[in-house]
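What follows draws every value from the coordinates through simple rules; no lab data is involved. Nothing here was measured: the structure is a model prediction, and the numbers come from that model. Quick reminder, even Gly has a Cβ in these numbers, built from the backbone with ideal geometry, and neighbours come from all protein chains shown.
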Amino acid sequence: MKTLAPALALAAALTATPALATDHFTLSSPDIATGRPIAERQVFSGFGCSGGNVSPALTWHGAPAGTRSFALTVYDPDAPTGSGWWHWVVFNLPASTQQLAAGAGDSEHPGLPAGSVQSRTDFGKAGYGGPCPPKGDKPHRYIFTVYALKVDNLPLDAASPAAMVGFYINANTLAKASFTGTYGR
């Protein structure tokens with residue numbers, strides 16, 4: 001259990017730091033309505049799920065002054081792992097970025113701005129991995145969060161695990177904006 005404590009603490013810090021939230025910094029998606037079920041197009045393809053595994057289009061506005069880059073995560077705190085599940089981890093998005101097109105998280109042909117990095121998720125590889133909770137579980141929450149960072153780049157690469165990326169994100173966050181979608185089967 002001791003090895004899970006740091007991961008749980010990091011997940012809590014990244015998903016529940018209201019002091020860093022701002023009314024002016026917002027994240028939204030035309031593909032996922034806040035608090036509503038996520039469409040099959042965004043659901044994982046594998047582990048018994050047969051969705052399209054297409055990352056949703058995302059738009060953010062109102063980043064604070066001093067923002068030098070962005071990071072993005074998708075996290076499921078309801079996964080039956082003891083530490084949740086990281087579905088997407090992206091960092092080193094240029095400060096000029098305010099949106100990602102649907103499908104930007106494709107691991108084979110990412111549609112991300114130059115210099116951006118997708119790192120390893122809990123599926124074991126980089127790129128977007130959509131929802132796929134166990135059959136019969138209550139609907140899980142999928143927290144999409146964009147972080148405004150005070151540094152140009154995180155000193156990490158695509159092999160970096162989500163917890164390590166989260167550590168650097170947490171140490172460099174000016175503000176964050178989130179929304180939550182749900183999915184169950």
(request) Give, in whole angstrom and from largest to smallest, the semi-axes √(5λ) of the equivalent ellipsoid of region 39-86, with λ running over the eigenvalues of the Cα gyration tensor. (result) 28, 17, 8
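For region 4-183, give the share of DSSP beta bridges that are antiparallel, in percent and rounded to the nearest 5; count only bridges with both residues there.
Around 95 percent antiparallel, to the nearest 5.
Express the relative contact order of region 4-183 as a whole percentage, based on alpha carbon pairs under 8 Å and six or more residues apart in sequence.
Details: 432 pairs, mean separation 51.6, N = 180.
In percent, rounded to a whole number, it is 29.
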(message) Test of understanding: ordering ARG120, ARG41, ARG36 by Cβ neighbours within 10 Å, fewest first, what list do you get?
(response) ARG36, ARG41, ARG120
(message) For a quick check: sort SER55, SER96, SER107 by the number of other beta carbons within 10 angstrom, fewest at the front.
(response) SER96, SER107, SER55
(request) Sort out for me the Cα centre separation of region 105-156 from region 40-99, rounded to whole Å. (result) 4
(message) Under the rule of at least 5 residues apart or a separate chain, name every residue whose amide H is placed under 5 Å from the amide H of ARG185.
(response) GLY136, ASP137
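Let's see if you can work this out: charge +1 on each Lys and Arg Cβ, -1 on each Asp and Glu Cβ, no other charges. What is the dipole magnitude of region 4-183 about its Cα centre, in debye to the nearest 20? Show your work: numbers first, answer last.
Details: 10 positive and 11 negative charges, 37 e Å.
Here the size comes out at about 180 debye.
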(request) Pop out the ³J(HN,Hα) list for region 135-147 in order, Karplus 6.51 cos²θ - 1.76 cosθ + 1.60 with θ = phi - 60°, rounded to Hz; leave Gly and Pro as x. (result) 4, x, 5, 4, x, 8, 9, 10, 9, 8, 9, 10, 10
(message) Projecting each Cα onto the charge dipole of the chain (Lys/Arg +1, Asp/Glu -1 at the beta carbon, about the Cα centre), which of ALA163, VAL54, GLY130 comes out farthest on the positive side?
(response) ALA163
(request) Determine, from the Cβ-Cβ distance of SER50 and SER107 and an R0 of 25 Å, the FRET efficiency 1/(1 + (r/R0)^6), rounded to the nearest 0.05. (result) 0.90
(request) Quick one: which residues, 5+ away or cross-chain, put their amide H under 5 Å from the amide H of ALA175? H built at 1.01 Å from N. (result) ALA148
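Seen from all sides and averaged, what is the projected area of the convex hull of the Cα atoms in the chain, in nm²?
On the way: hull surface 39.2 nm².
For the Cα atoms of the chain, the hull's average projected area reads 9.8 nm².
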